[in-house]
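Data first, discussion second: the structure below is written as structure tokens.
Bear in mind that the values in this text are calculations on the coordinates, not laboratory data. Predicted, not measured: the structure shown is a model, and the values here were computed from it. Because the Cβ atoms are built from the backbone with ideal geometry, glycine has one as well, and the counts that use them run over all protein chains shown.
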Amino acid sequence: MTALHFQPVLQRLPFLLGGVATTVLLSVASFGAGLFLAGGLAVLRAEGPKAGRRFGTIYSTIMTNTPQLSQIFAIFYCLPLLGVIVSPFASVFIGMALNAAAYLADILTTGLGRVPPLYHDAAASLGLTRRQAYMRVIFPHALQTMAPALANHFQIMILGSSMASIFGVEDLTGRAYDVGSTTFRILEVMLVTGVLYALLSIALTGLFALGRRLFEGAA
Amino acid sequence: MIAFSHYDAALLARALWMTVVLSVAGGLAGLAGGTALACLRMARGRLFAPLRFLAAGYVQVVRRVPFIVTLYIVFFLTGMAGLDVSEVTVAIWAIGLIAAGYIAEIVHGGLRSVPADQIEAAVTLNLPLLARWRHVIVPQALPVIVPPTVGYLVLFIKDTALASQVGVLELNQAGVILSNRGLPTMQVFLAVLGLYFALSYPLTRLSRMLEKRLALS
Amino acid sequence: MPYLDLRGVTVRQDTHEILRDVGLQVGRGEIVSLIGPSGSGKSTLLRTLIGLQPVVSGSLTLDGVAIDMTAASAPRALRARAAIVFQQFGLFDHMSVLRNLTLAPTVVAGRPRAEVEEAARHRLRMLGLADKAEIRPSRLSGGQKQRVAIARALMTQPDLLLLDEPTSALDPRLVSEVTALLRDLARAGMTIIQVSHGMESVAALSDRIVLLEDGRVRAVGAGARAAAEPSIAAFMNAHR
Ligand SMILES: Nc1ncnc2c1ncn2[C@@H]1O[C@H](COP(=O)(O)OP(=O)(O)OP(=O)(O)O)[C@@H](O)[C@H]1O
Ligand SMILES: [Mg+2]
């Protein structure tokens, strides 16, 4: 077995860290878009017409029981057929957002179920419209009770965003592959990359914990 | 547009079988590894302290690394070590390593969910160690462990789609091949997604059913 | 002409009539107590008055303005004049006490936030809750929650205040505090309708007592001798 040489990899650490930025950007953007869609799906499932409820449930069931990679492939190949030409980044973003919408809708549905029924009455009695009640009272409460689950799914999305590399996106994994093929130190690169992902994830865990402390301390 | 031939069907069938093999073998490896890790973490005594620490560390780290990176590491590590293993073996190892991390966490949580007074009662009854596990700890932990474990198997099925990255011809890769060959892309991917769904959905249902049934008893 | 004139309210749940042809006349600044056995429809009547309960029939004249209770516009019209304090308070635990108070004035009435916060802090101070503005309602005691719920209701500047069992969760000392507060409000012109189980305070506090039974108004007692009306007296004696 040949020895490991980390020097060439560590020299390119700034380049890899640029990939971390893309990873975070992609994850944050698709989490945001996914959460927006999930909000709509969750309301549809809670109060929509029967057909709407069924649609919401079926959507989540299908998306959570098939691989995200295949979903992104389907989008990557099928969008051009529909005449939509977008960058690989955008394809992956769309795929991740649609996938996240399914998981986050499940989480929000649980959250909506935990909002005390009296909140709906209280908001109405104060004169809030249905829409205002959802935006000001119901969703904020659901988001707060489900904050740990949402944060957990965000972590999963950070890991899942590594699939973007397969479509040529220069995220952390994509750049790791680049560095591997120019330095021929692919194993070392992947080990460093693994450490970077772990550090990013641990940092996020810390950040969430801190956010929660500050939030609850303020209240 | 090229029509769907029986060669294509055969390719799809072979790929489906490969996905099943990867899922089952990877899942079993993860089950064995995860249970072992969880038991290590439960081991008492100073002698086990370093092992406990390593097991906990492994569980923490492996769940924070993308599957694709783990897959590459196993792939290039075996290559560099000069081990002559097939791509399929690499993929199974990688799935097993990741699965072990997740399952260890579930099993550990399940074992710890057994109330302390139950264990103390067993101790005061003079039950020997093995009997404590067999009659007190395991029966109470299993209902907590089994449903989420079955649920996680779905996650590992979905991970097998990445095995194509080290050259394994599994379901997702079959979709890419057929689509590149000029078959109608939309139908090809609907078929691929449908087959994944057919594998995963029964497990999702089983997990939910077990959760309900075991919660009752 | 009374301040509030409710007529012919019927509420149906499936085939069961929860309220049957209920009417109620109340003068401005009066305190009305609704009493009756459990399940007689007291809470339901309060909910119809804030537009939370769909009715089969019914009309209301409130301060000279006629409201068709079956109309889709009824809830909005009712909520512009009335406010409710729920038995379980219905405070929003994911926001501060202050935000609970400012929510409706800013979001519904569109008043400037700074001005509303000023008013909210003033009201909290009046109720002895000045130091609780920033904390979550879940950290308050039962009596404090009660007062915050009343403060929140008052922030919408109602002239009709509805309370569902305002004293049932309180210990006796707090009961007299709340009844004193209600009396002050009524003296200032607020009309108050409360569901009550505390029979002593009902007798002492009410200008009017309405006994509901099985979804119907069984008896109404008014004025100083309200509690002396025979069936009301009988009910109150039985539930003392
Ligand atoms: N959402 C509902 N669905 C079905 N029935 C209901 C509902 N709400 C109330 N009821 C029924 O309507 C009747 C009146 O209920 P209501 O809550 O108004 O009684 P109440 O006089 O306030 O009783 P309590 O003193 O126990 O609070 C009861 O028979 C109750 O079972
Ligand atoms: Mg009631």
- Item | Alpha-carbon centroid distance for the pair segment B:186-217 / segment C:181-240, whole angstrom | 60 Å
- Task: Any chance you could list the semi-axes, whole Å, largest first, of the equivalent ellipsoid that the Cα gyration tensor gives for segment C:132-240, using √(5λ)?
- Result: 27, 16, 12
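Once you keep just the Cα pairs under 8 angstrom separated by 6 or more residues, what percentage relative contact order results for segment B:93-217?
On the way: 79 pairs, mean separation 35.1, N = 125.
It rounds to 28 percent for segment B:93-217.
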- Any idea what diffusion coefficient chain A gets from Stokes-Einstein, in µm²/s, Kirkwood Rh on alpha carbon pairs, 4 °C, 1.567 mPa s? 67 µm²/s
- Message: Students often get this wrong, so check it: of A:Lys50/B:Lys158; B:Lys158/B:Lys212; C:Lys42/C:Lys145, which have C-alpha atoms separated by over 28 Å?
- Response: A:Lys50/B:Lys158
- Item | Distance cut-off 23 Å, percentage of C-alpha pairs in segment B:10-215 lying past it | 54 percent
- Starting from the Cα coordinates of the protein assembly as shown, work out the convex hull volume and express it per residue in Å³. 234 Å³
- Rounded FRET efficiency, nearest 0.05, which uses the C-beta distance separating C:Asp93 from C:Asp171 and R0 of 35 Å: 0.95
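Grab the beta carbon distance between C:Arg139 and C:Arg225, set R0 = 25 Å, and tell me the FRET efficiency rounded to 0.05. Please list the in-between numbers first.
Details: r = 44 Å, r/R0 = 1.77.
The formula returns an efficiency of 0.05 here.
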- Item | Label-point gap, in nm, between B:Tyr7 and A:Phe6 - each point 7 angstrom along Cα→Cβ | 4.9 nm
- Task: Over the residues of segment C:92-157, compute the C-alpha Rg and express it relative to 2.2 N^0.38 Å.
- Result: 0.99
- Using only the alpha carbons, work out the radius of gyration and Dmax of segment A:3-124 in angstrom. 19.5, 69
- Candidates B:Ala116, B:Ala161, B:Ala43: whichever shows maximal mean-square fluctuation once chain B is modelled as a Gaussian network with Cα springs under 10 Å: B:Ala116
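Any chance you could run the full-extension gain for B:Leu28 through B:Leu206? It's 0.36 nm times the residue separation minus the Cα-Cα distance, nm to one decimal. If you can, show how the numbers build up before the last one.
Values: separation 178, 0.36 × 178 = 64.08 nm, distance 1.74 nm.
Result: 62.3 nm gained on full extension.
Between C:Ala80 and C:Arg12, what's the calculated FRET efficiency when r is the beta-carbon distance and R0 is 35 Å? Round to 0.05. Before the final figure, lay out each step's value.
Working: r = 26 Å, r/R0 = 0.75.
Given R0 = 35 Å and the Cβ-Cβ separation, E is 0.85.
If we count every other residue with Cβ under 11 angstrom of C:Thr61's Cβ, Lys/Arg +1 and Asp/Glu -1, where does the sum land? Could the numbers behind the result be given before it?
On the way: positive: C:Arg7; negative: C:Asp5, C:Asp63, C:Asp68.
Value of the local net charge: -2.
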- So for the pair C:Asp21, B:Cys39, with labels modelled 7 Å out along Cα→Cβ, what separation do we get in nm? 7.8 nm
- Query: Roughly how many whole Å is it from the C-alpha centroid of segment A:103-174 to that of segment A:47-94?
  - Reply: 18 Å
- Picking from C:Leu127, C:Leu162, C:Leu182, which is most flexible by a Gaussian network model of chain C using Cα springs under 10 Å? C:Leu127
- Query: When only C-alpha pairs under 8 Å and at least 6 residues apart count, what is the relative contact order of chain B, in percent?
  - Reply: 30 percent
- Task: Would you calculate, for chain B, the mean residue ellipticity at 222 nm contributed by helices, counting each DSSP H stretch of 4 or more residues as -39,500 (n - 2.57) and dividing by all residues, to the nearest 500?
- Result: -26000 deg cm²/dmol
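Give me the net charge for the shell around A:Ala90: Cβ to Cβ below 15 angstrom, other residues only, Lys and Arg +1, Asp and Glu -1.
On the way: positive: none; negative: A:Glu170, A:Asp171.
Computed value for this residue: -2.
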- Task: Report, as an integer, the average count of C-beta atoms from other chains found within 10 Å of each Cβ along B:157-169.
- Result: 3
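Work through the residues other than C:Arg147 whose Cβ is under 12 Å from its Cβ and net out their charges, Lys, Arg +1 and Asp, Glu -1. Intermediate results must be reported in sequence, preceding the final value.
Numbers: positive: C:Arg123, C:Arg125, C:Lys132, C:Lys145, C:Arg152; negative: C:Glu177.
Summing Lys/Arg as +1 and Asp/Glu as -1 gives +4.
Do you know the relative contact order of chain A, to the nearest whole percent, from alpha carbon pairs under 8 angstrom that are 6+ apart? Please list the in-between numbers first.
Working: 212 pairs, mean separation 65.8, N = 219.
In percent, rounded to a whole number, it is 30.
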- Rounded to one decimal in nm, the spacing of the 7 Å Cα→Cβ label points at A:Ala90 and B:Ser86 is 4.2 nm
- Message: Give me the extension gain from C:Ala238 to C:Thr61: residue separation times 0.36 nm, minus the current Cα-Cα distance, reported in nm with one decimal.
- Response: 60.3 nm
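Looking only at other chains, what is the average number of their beta-carbon atoms within 10 angstrom of each beta-carbon in C:41-51?
Numbers: counts 0, 0, 0, 0, 0, 1, 2, 0, 0, 5, 3.
Mean shielding count: 1.
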- Exercise: per-residue mean of other protein chain Cβ atoms within 10 Å, B:94-101: 0
- Note on the structure: Per the Kirkwood formula over distinct C-alpha pairs, the hydrodynamic radius of chain C in angstrom is 18.4 Å
